[in-house]
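Shown next, in structure tokens, is the structure this report addresses.
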Amino acid sequence: MAVHCTECGFVNTEGANYCQRCGALLPRAEGAGGEPVTATYRIDEAGELVPVEIETGSDRGPALVIRAGGGRVGESFAVQGERMSIGRRPDADVFLDDITVSRDHALLIHRNDHWHLDDCGSLNGTYVNRSRIDSQRLEEGDEVQIGKYKLTFHAR
């Protein structure tokens, strides 16, 4: 059974967690015995959907999902640990390869049981819900813009 995105209306494959077009969190489907059915995909260099093993996906806990930019729509990053780097540096936890992104652009930091996004003095700034921020506590569904990339924060 296909899953329709509640934000853009795109018809996604069965079991998808995020919309393959806009990256929005999809309504959860229930499997046999009431267990949730989940599947996570990433988009490879050729633009094809590639299934991601559940152990490496973000089926539990917070995630950042790319909604626009860089031809990587739908790619997700599990938010874990106490801090995660975001930037153009290849060893960044969230690597965003574009000249509009600073090498050390922003940090996701776990503070007081919540996730906060801190700008690291980037040239082009970090935005949450279209407002430039220095530091911002993230809530479910917040839109994060870093360079040309737009990501959605899912708290799950």
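In the stretch 107-156, carbon and sulfur make up what percent of the accessible area (probe 1.4 Å)? Display every interim value, and only then the final one.
Details: 1070 of 2600 Å².
Exposed carbon and sulfur together represent 41 percent of the surface.
Each residue of the stretch 80-88 in turn: what ³J(HN,Hα) in whole Hz from Karplus with 6.51, -1.76, 1.60 and θ = phi - 60°, glycine and Pro shown as x?
Ordered by residue, 3J(HN,Hα) equals 8, x, 9, 7, 9, 8, 10, x, 8 Hz.
Once the dipole of the stretch 45-156 is set up with Lys and Arg at +1 and Asp and Glu at -1 on Cβ about the Cα centre, which of M84, L138, G74 lies farthest towards its positive end?
So the residue we want is L138.
Which net charge results for the neighbourhood of K150, defined as the other residues with beta-carbon distances under 14 angstrom from its beta-carbon, given Lys and Arg at +1 and Asp and Glu at -1? Before the final figure, lay out each step's value.
Values: positive: R21, R67, R72, R130, K148; negative: E7, E75, D98, D142, E143.
Neighbour charge sum, excluding K150 itself: 0.
Once a ≥ b ≥ c are taken as the square roots of the eigenvalues of the Cα gyration tensor of the stretch 55-146, is the result rounded (a/c under 1.5), prolate (a/b larger than b/c) or oblate (a/b not larger than b/c)? Kindly include the intermediate steps, with their values, before the conclusion.
On the way: a/c = 1.38, a/b = 1.11, b/c = 1.25.
Rounded, since a/c falls under 1.5.
Between L138 and residues 5 or more places away or on another chain, which pairs have amide H atoms under 5 Å apart, with H built 1.01 Å from N, and which residues are they?
W115, H116, L117
Apply 1/(1 + (r/R0)^6) to the Cβ-Cβ distance of E7 and I109, taking R0 = 30 Å, and write down the FRET efficiency to the nearest 0.05. Display every interim value, and only then the final one.
Values: r = 28 Å, r/R0 = 0.93.
Efficiency for this residue pair is about 0.60.
The values are calculated or read from the model by the stated rules, or taken from the named source; none is laboratory data. Keep in mind that this is a model prediction, so the values were computed, not measured. All Cβ positions, even for glycine, are placed from backbone atoms using ideal geometry, and neighbour counts span all protein chains on display. Surface areas here come from the heavy atoms of the whole protein model, side chains and all, with no ligands, DNA or RNA. Shrake-Rupley method; radii C 1.70, N 1.55, O 1.52, S 1.80 Å.
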